[in-house]
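The values are calculated or read from the model by the stated rules, or taken from the named source; none is laboratory data. Model, not experiment: these values are computed from the prediction. Every residue, glycine among them, receives a Cβ derived from its backbone with ideal geometry; neighbour counts consider all protein chains shown.
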Amino acid sequence: MDYFTIEVGGQAVACFRSENVDDATHFFQAEDFREDLTILQSQGKPVWDGVSPLNLRKATAEEANEVQHAYEFDDDPDRTIDDEFVVFLIPISDMDDGEDDEA
C-alpha cells in the first residue's frame, strides 16, 4: 500500500492509502469524491471551489503518519486496513452541521 495526498490550489487537504497509483488516480478522479470536496467546508468555505487546480501526489511521511494514526483510533469495528480511509489534513465541517472538526 502507498499513501497519496490530494492538494487543492497547492495546499495539502486530504491523504489516503491505496493499493497503487492507478487505484489512487481512480479514487481521486471519482465524481462523488470531487462533489464531496465542494460540500465539505474548512473555515467556512468549501474545501474545493470546483475551479482551483486539484493535484494528486505521493504523501510525505508526516501525511502518511496522519492516516495511520487516524486509522488506529477509528471506532468502526467493521473497517479493515484495506478499506477506503480518507484523512483530512485541514479542519473540516459539513455544511449541515456548522461546526469544524479537527481532522
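Summary of computed values
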quantity	calculated
Cβ-Cβ under 6 Å pairs, at least 6 apart or on other chains, the range 10-37 side within 11 Å of residue 54 (Cα to Cα) and in contact (Cβ under 8 Å) with a residue 40 or more places away in the chain, far side hydroxyl-bearing (Ser, Thr, Tyr) and part of a strand (DSSP E or B)	12/5
Enumeration of residues in the range 1-24 that are assigned to a helix (DSSP H, G or I) and touching a Phe, Trp or Tyr at 6+ places or on another chain (Cβ under 9 Å)	21, 24
Test set (1) touching a Cys at 6+ places or on another chain (Cβ under 8 Å); (2) over 16 Å from residue 85 (Cα atoms) - residue 3 fails condition number	(2)
Counted residues, the range 1-46 - those being touching a Pro at 6+ places or on another chain (Cβ under 8 Å), buried (at least 16 other Cβ atoms within 10 Å of the Cβ) and over 19 Å from residue 57 (Cα atoms)	2
Check on residue 60, at pLDDT 95 or above, β-branched (Val, Ile, Thr) and under 13 Å from residue 89 (Cα atoms)	yes
